[in-house]
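Notes for the one structure printed next.
The values are calculated or read from the model by the stated rules, or taken from the named source; none is laboratory data. Please read all numbers here as calculations on a predicted model, not as lab measurements. Here the Cβ is made from the backbone with ideal geometry for all residues, glycine too, and neighbour counts use every protein chain on show.
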Amino acid sequence: MAVASPELPGNVKIDNYLLELSTNVPPIPTHVVLSTEGLEFPVALLDDKEAEMMLKAAGIDVLRLTEKVTVDWDEATEDLIIDRFVFELGKVGRVRAKARLGDLPKSVLLNPQQAQAAIATLNVKSLEIELENDGGVEAVLALSATDAGVSEGMMKEALLMQLDGLLAQIGNEAFTNQMMTAARVFFDDPKNLKLSVAPGNPVPVSQLISDAMIAPDALPERLGVTVEANR
């Protein structure tokens with residue numbers, strides 16, 4: 001399907017769109033599939049002018065977007081499962097993710113007003129987030145370096161220094177070293193960057209909130225966090 005109008009700076013089209021909902025706890029959906037394939041539109045339609053300038057500087061006048069999301073709630077295990085999350089921008093990159101959260105009881109789905117109370121039992125079982133570069137990193141570095149009046153190499157080092165400063169606030173030397181090693185590999189050859197969370201046992205969200213406030217250095221080990229680049 002395509003849409004053209006004199007009021008638009010270019011054509012807007014989409015190859016395929018799918019929204020699938022089903023439930024075993026009406027009226028709350030417990031199975032959701034969302035898919036948007038081949039959505040194309042001119043970058044001039046973006047509300048963010050800075051992003052528009054960055055994309056045009058990279059030679060991208062038309063964005064091509066694809067997103068796919070699958071979410072399920074398993075009644076037997078009371079797990080909320082993000083089976084698939086993919087968000088892709090052509091010539092920029094894509095983000096892939098999946099996650100599993102435990103102890104989301106049926107009572108919360110039946111009474112959404114109790115959602116805040118669910119934090120007391122909700123836990124994190126696993127999480128993966130992966131960034132795959134397709135030209136977006138190079139475009140951002142080039143534009144940032146130009147704006148700052150420095151070389152791209154200097155801009156890389158400045159960004160790494162900023163990251164190192166942020167990680168220092170966590171206070172976990174092993175995690176900082178792991179993250180900085182992966183970041184340097186990625187900046188030197190930006191292919192993909194992956195963060196995985198795989199705790200030995202499910203970690204209550206309430207525990208994570210507490211750690212974030214009083215013991216952030218404990219979070220990487222508690223969650224079993226690993227960071228890899230270009231694997």
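Would you confirm, using the coordinates I've provided, whether Lys68 is modelled with pLDDT of 95 or more and of a type in the set (Lys, Arg)?
yes
How many of the residues making up segment 165-182 are more than 14 Å from Val227 (Cβ to Cβ) and in a helix (DSSP H, G or I)?
Of the residues in that region, 3 qualify.
Can you spot a residue in segment 205-212 that is of a type in the set (Val, Ile, Thr) and part of a helix (DSSP H, G or I)?
Just the residues of segment 205-212 that are of a type in the set (Val, Ile, Thr), to begin with: 205, 209.
With the extra rule that they be part of a helix (DSSP H, G or I), the set shrinks to 205, 209.
Yes, segment 205-212 contains a residue that is of a type in the set (Val, Ile, Thr) and part of a helix (DSSP H, G or I).
Is it true that Leu110 is touching a helix residue (DSSP H, G or I) at 6+ places or on another chain (Cβ under 8 Å) and over 20 Å from Pro204 (Cα atoms)?
no
Can you pull out every residue in segment 27-59 that is surrounded by fewer than 16 Cβ atoms within 10 Å (Cβ to Cβ), aliphatic (A, V, I, L, M) and under 28 Å from Ala145 (Cα atoms)?
Ala44, Leu45, Leu46, Ala51, Met53, Ala57 - these are the residues of segment 27-59 that are surrounded by fewer than 16 Cβ atoms within 10 Å (Cβ to Cβ), aliphatic (A, V, I, L, M) and under 28 Å from Ala145 (Cα atoms).
Quick one: which of Lys156, Lys98 is surrounded by fewer than 17 Cβ atoms within 10 Å (Cβ to Cβ), under 19 Å from Leu193 (Cβ atoms), modelled with pLDDT of 90 or more and of a type in the set (Lys, Arg)?
Lys98
Given the residues Val86, Val71, Val108, which is the only one that is free of Cβ contacts under 8 Å to residues at least 12 places away in the same chain and surrounded by 15 or more Cβ atoms within 10 Å (Cβ to Cβ)?
The unique qualifying residue is Val108.
Kindly indicate which of Pro220, Pro190 is under 20 Å from the mean Cα position of the chain (by Cα), crowded, with 16+ Cβ neighbours inside 10 Å and closer than 20 Å to Arg94 by Cβ.
Criteria check complete, one pass: Pro190.
Those residues that are in contact with a strand residue (DSSP E or B) (Cβ under 8 Å, 6 or more places away or on another chain) and among the basic types (Lys, Arg), I need them from segment 47-89; list them, please.
Those that are in contact with a strand residue (DSSP E or B) (Cβ under 8 Å, 6 or more places away or on another chain) and among the basic types (Lys, Arg): Arg64, Lys68, Arg84.
Here are the criteria: (1) in contact with a Ser or Thr (Cβ under 8 Å, 6 or more places away or on another chain); (2) assigned to a loop (DSSP other than H, G, I, E, B). Tell me which single one Ala99 does not satisfy.
Here Ala99 meets the rest and fails (2).
Looking only at segment 193-214, which residues are aliphatic (A, V, I, L, M), out of contact with any Gly (no Cβ under 8 Å at 6 or more places or on another chain) and surrounded by 13 or more Cβ atoms within 10 Å (Cβ to Cβ)?
Leu193, Leu195, Val203, Val205, Leu208
Which of the residues that make up segment 142-183 are touching a Leu at 6+ places or on another chain (Cβ under 9 Å), of a type outside the set (Ser, Thr, Tyr) and closer than 28 Å to Met54 by Cβ?
Those that are touching a Leu at 6+ places or on another chain (Cβ under 9 Å), of a type outside the set (Ser, Thr, Tyr) and closer than 28 Å to Met54 by Cβ: Glu152, Met155, Lys156, Leu159, Met179, Met180, Ala182, Ala183.
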